[in-house]
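Undergrad: There's a structure below that I have some questions on.
The values are calculated or read from the model by the stated rules, or taken from the named source; none is laboratory data. This structure is a prediction, so every number in the text was calculated from the model and none was measured. Reconstructed Cβ throughout: ideal geometry from the backbone, glycine too, with neighbour counts over all protein chains shown. Keep in mind that these areas ignore ligands, DNA and RNA; they rest on the heavy atoms of the full protein, side chains included. Shrake-Rupley method; radii C 1.70, N 1.55, O 1.52, S 1.80 Å.
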Amino acid sequence: MACLLASVLTITLLAFIVGEILFKAWPAISKFGLGFITGKQWSPNREVFGVLPVLIGTTASSFLALLVSLPLGLAIAIFLSEDFFPGPVRQVIRFVVETLAAIPSVVYGLWGIFVVIPLVQQYGAVIAAKFGIIPFLAGPAYGNSLLTASLVLALMVLPTITAISRSSLVAVPYTLREGSYALGATRWETILKVIIPTAAPGIVASSILAFGRAMGETMAVAMLIGNSQRLSWSLLSPSNTLSALLANQFAEADGIQVSALMYAAALLIVLTLGVNIAGEAVLRHTQKATAGLR
Amino acid sequence: MTSTAATSARNFFSHAGKKTSFLRLFRNHFLTGLCIALSLLTLVPLFSIVVLVIQNGLPLLSTNLFTQLPPAPGMEGGGFGNAIVGTLVMVGIALFISVPLGILAAVFVNEYASASWLATLVRFVAKLLTGIPSIICGVFAFAAVVMTTHKFSALAGGIALAILILPTILLTAEQSLMGVPYAFREASFGVGATPFQTIWRIVLPEAMPAIMTGVMLAVARAAGETAPVLFTALFSQNWIKSIMEPTASLSVLIYNFASLPYAYHIKLAWSASLILVALVTLSNILAQVIFAPKHR
C-alpha cells in the first residue's frame, strides 16, 4: 500500500511541479500572453517582459556547444570502441570523460571565469578586429560572451555524447565489421561507411539529449554568459539563457517579475521536456533497430 | 601493337591500383591519428580544471576552513564551516525525503506491479524527471515552499534537492531489484513466506548494496548542485540554527564569492571548489568501490 502511494506520489510530482509553476505564472501569462515570447525587452522597472533575446541565447549557446562537442565526443566514442590502444589505456580515457561529468557545474563556472574568459578576451579582440565585418564575429569583444559559455557548455555535454554514442557504436554487430573487412575495406572505410551509418540513430539521439542538457544547464552559463537581454548577433557579445535568467533574478524578484520568471521557467520546462522526449524516442527506436540486426 | 596497348593498360591499372591503395592507407592512418589527437585534446581542459582547483585551493586548506565563518567583504581570514554544515544538512533533508519514497516506488514498480500500466507510467515519469533542468527543481521549491512560508530556508533547498535526486534513486533501486534472481523469490514463497516477508527479508537485503550505490550517486549529484538551492536556501553568513532560515552551502558560496572583487574571497571560492570536488569524488568512489563487489 505504501509502495502504491509512493508510486502515485512520483507520478503526481511531475504534474504538481508543472501545475504549481503554471499557477504562479498565471498573472504574467494572462497579462503578456504570447507577446512574452516575441518581446525583445526585459526591464523589470517598467514591468515590460519579453524573452525573445533570451530564447535565442538559449538555443544559440546550446547549438554552438553541440557543434564543438559532437566531433570531439564522436572521436572519443570511436576511440573507445576501436582497438587503437589496449584496454587499460581506453579505460583511462573513459574514466577521464566520466570525471568531466562529475565536476559540479559551479566549478566549471569558476574555472571558466579564470581560464576561458581571459582566453576569449585575448583572442576575441583579434578575431573581431580581423573578421568584424561578419555579423557573428563583430566587436567589441567581451570575455563574458556567448562564445565563452558555449565552449564551457561543450565540455559539460561531452560525457553525454560520448557515453550514448559509444554504446550505440559497440552495439553494432561484429559480423557487419567482419563482412566489411572481408570485402577489402580498410578500418576507416568500415567505420565511416558501415559502423557509423548503423549507429547513426544512437549518435543523433546522443546529440538531441546533449542539446537538452545544454539548454537546462544553469550555473556555469550564469557565471560566464554576461547576462545581457540585449539582442545581438555576435558570438563575442554578452547574451543570456532562460536558466541563467532564472538563476540571476529570482532571489531579488517580487510582484509581477516573479510571475514573469515563472512563465520563463514554464517555457524552459516545455523546451527541455520536448527535446528529451524526442531524444528518448530516437534512442528507443535505435535499440529496436540494432536488436533487429542480430 | 595490341599487346603493347594491353601492357600499357595493365600497367596503368596496376599503377592506379597502387596509388589508390596508398591513398586509402594514408587516409586510414591519418584518420586514426586525428581520432586519437581529438580524444587526447579533451584531456587538456580536464587537466587544467583539476590542476587549478588543487593549486588554488590548497594554500588556504586548514582546519580553520571547517571551523570558522566566512569573512566580511574586504576582510581576510576565516573559513566556510557554515557552508559545509549547510550542504550536509540540505543533502540530509533530500535523502530523508527521497530515499524512502524512491525505494518504495521501485518496490512497487518491480515487485508488485511490474507489468501494469501504472508501473510503466512511473518509469516514464521518472525518466522525464531526470531530464528536467535542476533549476526547475529550485523554481518549484520557490513556488511551493518559499512563497508559502515567506522565507528562504534550508527546508526549501532540501526539498528542491529531493526532487532532483528522486528519479536517480528510483531508477537505480529498480535496476537493483531487477538484479535479484527470481529463484530467491520462488524459494521464499516455497517455504511459505508472504510477498511482504519475501520483499522485506529476502529481496531488499539482497538488493541493498546496489541500492546504496544509487544513493551515493544521488548524494554526489545533490552535493554539487547549485541551481536548486540558489534562491531557495539563499545564503547566510552565520551557522545554521534551524532549517527554517536562510542557509549557506558550498556551491552557492563558490558562486557568490567568484564574482567578488576581493582576492581572499576568490581564494575561498577555490578552496570550497576543492572540498566540493573531493566530496563529490568521494561519494562517487564509495558508490563504485565499497558497494559494487558484493552486488556482483
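Undergrad: Determine whether the range B:47-64 contains at least one residue that is assigned by TED's automatic domain parsing to the domain that holds residue B:225, of a type in the set (A, V, I, L, M) and open to solvent by less than 40 Å² (accessible area, probe 1.4 Å).
TA: Looking through the range B:47-64, none of the residues is assigned by TED's automatic domain parsing to the domain that holds residue B:225, of a type in the set (A, V, I, L, M) and open to solvent by less than 40 Å² (accessible area, probe 1.4 Å).
Undergrad: Taking the range B:219-236 as the search range and keeping residues that are farther than 27 Å from residue B:288 by Cα and polar (S, T, N, Q), which one is farthest from the other protein chains (Cβ to nearest Cβ)?
TA: In this case the residue turns out to be B:236.
Undergrad: Sticking with this one: Answer yes or no as to whether residue A:63 is aromatic (Phe, Trp, Tyr) and modelled with pLDDT under 95.
TA: no
Undergrad: Would you confirm, using the coordinates I've provided, whether residue A:31 is part of a helix (DSSP H, G or I), of a type in the set (D, E, K, R), at the interface with chain B (Cβ under 9 Å from one of its Cβ atoms) and in contact (Cβ under 8 Å) with a residue 12 or more places away in the chain?
TA: When the stated conditions are applied, residue A:31 does not pass them.
Undergrad: Something else: When the range A:78-87 is examined, which residues are found to be more than 9 Å from chain B (Cβ to nearest Cβ) and either aliphatic (A, V, I, L, M) or in a helix (DSSP H, G or I) (or both)?
TA: If the condition is that a residue be more than 9 Å from chain B (Cβ to nearest Cβ) and either aliphatic (A, V, I, L, M) or in a helix (DSSP H, G or I) (or both), then A:81, A:87 are the ones that fit.
Undergrad: I'd like the residue in the range A:210-228 that is in a loop (DSSP other than H, G, I, E, B) and within 21 Å of residue A:270 (Cα to Cα) and, out of all such residues, is most open to solvent (accessible area, probe 1.4 Å).
TA: Out of the qualifying residues, it is A:217.
Undergrad: It is to be established whether one or more residues within the range B:170-190 are open to solvent by less than 60 Å² (accessible area, probe 1.4 Å) and under 21 Å from residue B:90 (Cα atoms).
TA: Yes: one or more hits.
Undergrad: Of all residues in the range A:70-89 being open to solvent by less than 20 Å² (accessible area, probe 1.4 Å) and without any contact (Cβ under 8 Å) to a residue 60 or more places away in the chain, which is farthest from residue A:192 (Cα to Cα)?
TA: A:79
Undergrad: Sticking with this structure for a sec: May I ask you to verify whether residue B:152 is more than 7 Å from chain A (Cβ to nearest Cβ), open to solvent by 20 Å² or more (accessible area, probe 1.4 Å) and at pLDDT 95 or above?
TA: Considered against the rule, which asks whether it is more than 7 Å from chain A (Cβ to nearest Cβ), open to solvent by 20 Å² or more (accessible area, probe 1.4 Å) and at pLDDT 95 or above, residue B:152 comes out as no.
Undergrad: Looking at the range B:104-137, which of the residues that are farther than 25 Å from residue A:270 by Cβ and either of a type in the set (Val, Ile, Thr) or touching a Pro at 6+ places or on another chain (Cβ under 6 Å) (or both) is surrounded by the fewest Cβ atoms within 10 Å (Cβ to Cβ)?
TA: The selected residue is B:107.
Undergrad: Just to be sure, is residue A:166 of a type outside the set (S, T, N, Q), open to solvent by 10 Å² or more (accessible area, probe 1.4 Å) and within 12 Å of chain B (Cβ to nearest Cβ)?
TA: yes
Undergrad: Same structure again: Output the qualifying pairs, or none if there are none: Cβ atoms under 7 angstrom, residues six or more apart or on different chains, first residue in the range A:161-187 and under 22 Å from residue B:29 (Cβ atoms), second residue of a type in the set (Lys, Arg) and surrounded by 13 or more Cβ atoms within 10 Å (Cβ to Cβ).
TA: These pairs meet every condition: A:186/B:24.
Undergrad: When only residues in the range A:133-173 that are part of a helix (DSSP H, G or I) and modelled with pLDDT under 90 count, which is nearest to residue A:120 (Cα to Cα)?
TA: Filtering the range A:133-173 for residues that are part of a helix (DSSP H, G or I) and modelled with pLDDT under 90, the one nearest to residue A:120 (Cα to Cα) comes out as A:137.
Undergrad: How many residues are part of a loop (DSSP other than H, G, I, E, B) and surrounded by 16 or more Cβ atoms within 10 Å (Cβ to Cβ) if we restrict to the range A:40-69?
TA: 2
Undergrad: Any idea which of A:113, A:93, A:11 is part of a helix (DSSP H, G or I) and either among the aromatic types (Phe, Trp, Tyr) or modelled with pLDDT of 90 or more (or both)?
TA: Answer to the check: A:113.
Undergrad: Check whether at least one residue in the range B:205-224 is assigned by TED's automatic domain parsing to the domain that holds residue B:166, open to solvent by less than 60 Å² (accessible area, probe 1.4 Å) and not in a helix (DSSP H, G or I), and report yes or no.
TA: Looking through the range B:205-224, none of the residues is assigned by TED's automatic domain parsing to the domain that holds residue B:166, open to solvent by less than 60 Å² (accessible area, probe 1.4 Å) and not in a helix (DSSP H, G or I).
Undergrad: Filter the range A:97-147 down to residues that are among the hydroxyl-bearing types (Ser, Thr, Tyr), touching a residue at least 40 places away in the same chain (Cβ under 8 Å) and either under 30 Å from residue B:217 (Cβ atoms) or open to solvent by 30 Å² or more (accessible area, probe 1.4 Å) (or both), then give me how many there are.
TA: Total satisfying the criteria: 3.
Undergrad: Could you please tell me which pairs satisfy a Cβ distance under 7 Å, a separation of 6+ or placement on different chains, a first residue in the range A:2-15 that is open to solvent by 20 Å² or more (accessible area, probe 1.4 Å), and a second residue that is part of a helix (DSSP H, G or I) and not aliphatic (A, V, I, L, M)?
TA: A:4/B:108
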